[in-house]
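Notes follow the structure.
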Amino acid sequence: MTSRSQPSAFLRSVLQNGVGRYICQLKRITFQFCKHSGQSRGVRDYIENDLVDFARKNPGVVVYVQPHQKYAQPTLVAEYLNGNLRKVEALKMSKDEIKTKVELLRAQSGLDVVRMRKPMHTDNPTIQGLWNPFTNKASHLNIETFPTKNPTWKYAERKPTLRLEEPNEDNTSNN
Amino acid sequence: MAASISRCALLQVCRFSSQFTRFQTKQFHYGILNRILPSRLFTTSCAKLDRSAITVPSVNLDLEDVERRLTLPERRRDAVVSKVNADIQVNASRLFAVVYIHRQQFKITAGDLIQIIDHIEADVGDKIRLEKVLMVGGDNFSLIGRPLLSRDLVEVWATVIEKTETPTKIFFQKKRRKGFRRWVEYKDNLSVLRINTINVTTVTEDN
């Protein structure tokens, strides 16, 4: 379960969403449930109490309700503008849990939920220009020949720590 | 001058160290004073002081001179400010900003996407203003805040375009041969912002 073995992607949005107007990416949501099973009780409560409010607040989202015996284990099926489909099992969930789940589906973009490699995306990485070694250096260096007598920096002059006596002319020492 | 500094420092330290006479021994005096004053001859008590033995390099600290050098003369500052303001008004270049959100800093321009691993109160589609701006710049200028720029100077607006969850992460701990194993699956809230605009007003004394 390492992140290297799992799929990953770069941060993106669907069709430049947010640059102009924001558009809700949820296209259609379907509530598949059973009228009689106990596991569907939460879905039934949600449909009775909260579904109409949700539909009114989000006029761009198409809401379908599919009651059928085969949906004893209820699911929420969300379809998005980019064509992706997300199925969420809603069995044994309470009404409030289903409400938060539906809100989450509404706020998602439909892109795959995978690890994002970078927390940002930009089409304009540089504005003042990429750094190169001659940035912020004197422009005379462009026509300079190396080695130069006027370096931009140099090692500090080191003074000797020990001053050795220079030998006399006839190679004798004063000691 | 040098000797008076040394005696002054010595007396201050003696006053300080007297608080500790209950806990400290004479070793305390030696330690502190030997660090402050390079003394070759130091007797057992503070009172006996051989001034001739102690040498301290004299420090000429002209505070007025230092302050004069550190502060930019007003006419130079005004020249720089007027150049920056002219560039802001005339050369409408693409601006970048360094913004602080949720313990992270991002360098952003208009049209960027940002991901924050946190729940944002704003609803999807809402416009929010990012107020903690550390730096702003264009083609020919940069404004650096200390540490933040004034709210009147910069405006950064963003739209919340997505509020999801990260994929399931696993927090696993094990200590071998101890029967200790912990497997926790968790999901973090995730918010994606689209940066819409960055606006800079002219630089004045107030901002």
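Residue by residue, what Karplus-based ³J(HN,Hα) values in Hz, rounded to whole numbers, does the range B:189-196 have, using 6.51, -1.76 and 1.60 with θ = phi - 60° and x for Gly and Pro?
6, 10, 10, 10, 10, 10, 7, 8
Can you list the aspartates and glutamates whose alpha carbon sits under 19 Å from that of A:LYS92, skipping same-chain ones fewer than 8 residues off?
Cross-link targets: A:ASP45, A:GLU48, A:ASP50, A:GLU103.
If you average 1/r across every pair of different Cα atoms in the range B:144-199 and take the reciprocal, what Kirkwood value do you get, in Å? Could the numbers behind the result be given before it?
Values: mean 1/r = 0.0643 Å⁻¹.
Hydrodynamic radius (Kirkwood, Cα only) of the range B:144-199 equals 15.6 Å.
Quick one: angle between helix A:95-107 and the longest Cα principal axis of chain A, in degrees between 0 and 90, rounded to 10, please.
50
Principal axis extents for the range B:76-207, Cα atoms only, whole Å, descending order, please.
Cα spread of the range B:76-207 along its principal axes, largest to smallest: 71, 34, 24 Å.
Excluding residues on the same chain fewer than 8 positions from A:LYS95, give the lysines whose Cα lies under 17 Å from its Cα.
A:LYS35
Note down the relative contact order for the range B:60-207 as a percent, whole number, built from C-alpha pairs under 8 angstrom at least six residues apart.
Reported as a whole number, the value is 27 percent.
Per residue of B:107-116, count partner chain C-beta atoms within 10 Å of its C-beta, then hand back the mean as an integer.
Partner-chain Cβ atoms within 10 Å, mean over residues of B:107-116: 6.
What does the charge add up to near B:ILE170, with Lys and Arg as +1, Asp and Glu as -1, over the other residues with Cβ less than 15 Å from its Cβ?
That works out to +4.
Where the Cα atoms of the range A:1-44 are projected onto their three principal axes, how long is each span, largest first, in whole Å?
44, 38, 12
Counting DSSP beta bridges in chain A, what percent are antiparallel, to the nearest 5?
Roughly 60 percent of the beta bridges in chain A run antiparallel, per DSSP.
Hey, with R₀ at 51 Å, roughly what FRET efficiency would B:PHE171 and A:LEU164 work out to, going by the Cβ-Cβ distance, to 0.05?
Rounded to the nearest 0.05, the efficiency is 0.20.
Report the gain in length on full extension from B:SER142 to B:ASN189: 0.36 nm times residue separation, minus Cα-Cα distance, nm rounded to one decimal.
Between B:SER142 and B:ASN189, full extension yields an extra 13.5 nm.
Using the Karplus equation 6.51 cos²θ - 1.76 cosθ + 1.60 (θ = phi - 60°), what ³J(HN,Hα) coupling, rounded to whole Hz, does each residue of the range B:198-207 give in order, writing x for Gly and Pro?
Result, ordered by residue: 10, 10, 10, 8, 5, 7, 10, 5, 6, 10 Hz.
Suppose a student asked you for the relative contact order of the range A:72-149, using Cα pairs under 8 Å spaced at least 6 residues apart; what percent would you report?
22
From the convex hull of the Cα coordinates of the range B:59-114, what is the mean projected area in square nanometres?
The orientation-averaged projected area of the Cα hull of the range B:59-114 comes to 7.5 nm².
Taking the simple approach of a point 7 Å from Cα along Cα-to-Cβ for both A:VAL77 and B:GLU64, what is their distance in nm?
8.7
Per residue, how much accessible surface does the range A:1-79 expose to a 1.4 Å probe? Answer in Å², no decimals.
On the way: 4980 Å² over 79 residues.
Heavy-atom SASA per residue in the range A:1-79 reads 63 Å².
Take every Cα pair under 8 Å in chain A that's 6+ residues apart, average their separations, divide by the length, and report that relative contact order as a whole percent.
27
What are the lysines whose alpha-carbon lies under 28 Å from the alpha-carbon of A:LYS118, with same-chain residues fewer than 8 places away excluded?
Counting by Cα, and skipping residues close in sequence, A:LYS118 has these lysines nearby: A:LYS27, A:LYS87, A:LYS101, B:LYS107, B:LYS127, B:LYS132, B:LYS163, B:LYS169, B:LYS187.
For A:GLU89 and B:GLN89, FRET efficiency with R0 = 51 Å and r from the beta-carbon atoms, rounded to 0.05?
E(calc), rounded to 0.05, equals 0.30.
Using the Cα atoms of the range B:68-150, I'd like the radius of gyration and the largest Cα-Cα distance, Dmax, both in angstrom.
16.3, 53
Please work out the Kirkwood hydrodynamic radius for the range A:43-175, using every pair of different C-alpha atoms, and report it in angstroms with one decimal place.
23.4
For chain A, what does -39500 (n - 2.57) per DSSP helix run (n ≥ 4), summed and divided by total residues, give at 222 nm, in deg cm²/dmol to the nearest 500?
Mean residue ellipticity at 222 nm (helix-derived): -5000 deg cm²/dmol.
With each pseudo-label sitting 7 Å past Cα toward Cβ, what's the A:SER8-B:THR204 distance in nm, one decimal?
Each label point is offset 7 Å from its Cα along the Cβ direction, giving 4.9 nm.
First select every other residue whose beta carbon is under 15 angstrom from the beta carbon of A:THR152; then total the charges, Lys and Arg +1, Asp and Glu -1.
Details: positive: A:LYS137, A:LYS149, A:LYS154; negative: A:GLU144.
Summing Lys/Arg as +1 and Asp/Glu as -1 gives +2.
The values are calculated or read from the model by the stated rules, or taken from the named source; none is laboratory data. Quick caveat, the model's predicted, so the values are computed rather than measured. Positions of Cβ are generated from backbone atoms using ideal geometry, with glycine treated the same way; all protein chains shown enter the neighbour counts. In case anyone asks, the SASA skips ligands and DNA or RNA and just uses the protein heavy atoms, side chains included. Shrake-Rupley method; radii C 1.70, N 1.55, O 1.52, S 1.80 Å.
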